[in-house]
Amino acid sequence: MHEMGLCDAIVEAAVRRAGGHRVTSMRVRVTGHPVDAGVIDQGLRLAAAGTVVEGANVEVVARPPSVRCRDCGARSDAADPRLLVACPRCGGVDVDATGAEEVVLEAIAFDTAREGSS
């Protein structure tokens, strides 16, 4: 499950950014790759166990990949992964996935008190 490695990296980035503060919420954007936001959310919760990110509210913003049809030139979002194999406009199967695949920890919020201090 490659999502778990992705989730581990997101939690590591949030821990670094938090600088010892308890993270209360974070927003993660996944672009260019079809993902199930629920799977990412669950993976983040597992990866965060025992860290300052544990228990944080997580917002996953999933942006679908885009496809370009070589037959008709149409460009469209592929919110449905099945559209990666056929053009939704002409039905042609000569399509390319376009755009960057990226995962961005867009924002975190944290308590001002450091973890472990009274």
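The values are calculated or read from the model by the stated rules, or taken from the named source; none is laboratory data. Here the structure is a predicted model, which is why all the values come from computation and not from measurement. Glycine gets a Cβ as well: all are built from the backbone with ideal geometry, and neighbour counts include every protein chain shown.
Numbers for the structure displayed
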quantity: The stretch 41-67, residues that are in contact with a Leu (Cβ under 9 Å, 6 or more places away or on another chain) and farther than 15 Å from A14 by Cα; calculated: P64, P65, V67
quantity: Condition met for A86 (surrounded by 12 or more Cβ atoms within 10 Å (Cβ to Cβ) and either at pLDDT below 80 or closer than 17 Å to V30 by Cβ (or both)); calculated: yes
quantity: Verdict on V30 being part of a strand (DSSP E or B), in contact (Cβ under 8 Å) with a residue 40 or more places away in the chain and at negative phi; calculated: yes
quantity: Matching entry among V39, V30, V11 (being of a type in the set (V, I, T), under 22 Å from A107 (Cβ atoms), under 16 Å from the mean Cα position of the chain (by Cα) and surrounded by fewer than 19 Cβ atoms within 10 Å (Cβ to Cβ)); calculated: V39
quantity: All positions within the stretch 14-27 that are in a helix (DSSP H, G or I) and crowded, with 21+ Cβ neighbours inside 10 Å; calculated: A14, A18
quantity: For V93: the one exception among (1) at pLDDT 80 or above; (2) loosely packed, with under 13 Cβ neighbours inside 10 Å; (3) not in a loop (DSSP other than H, G, I, E, B); calculated: (3)
quantity: Matching residues, the stretch 63-79, being in a loop (DSSP other than H, G, I, E, B) and either among the basic types (K, R) or over 13 Å from G92 (Cα atoms) (or both); calculated: P64, P65, R70, A78, A79
quantity: Residues located in the stretch 42-83, provided they are surrounded by 15 or more Cβ atoms within 10 Å (Cβ to Cβ) and at pLDDT below 85; calculated: A62, R63, P64, P65, S66, V67, S76, A78, L83
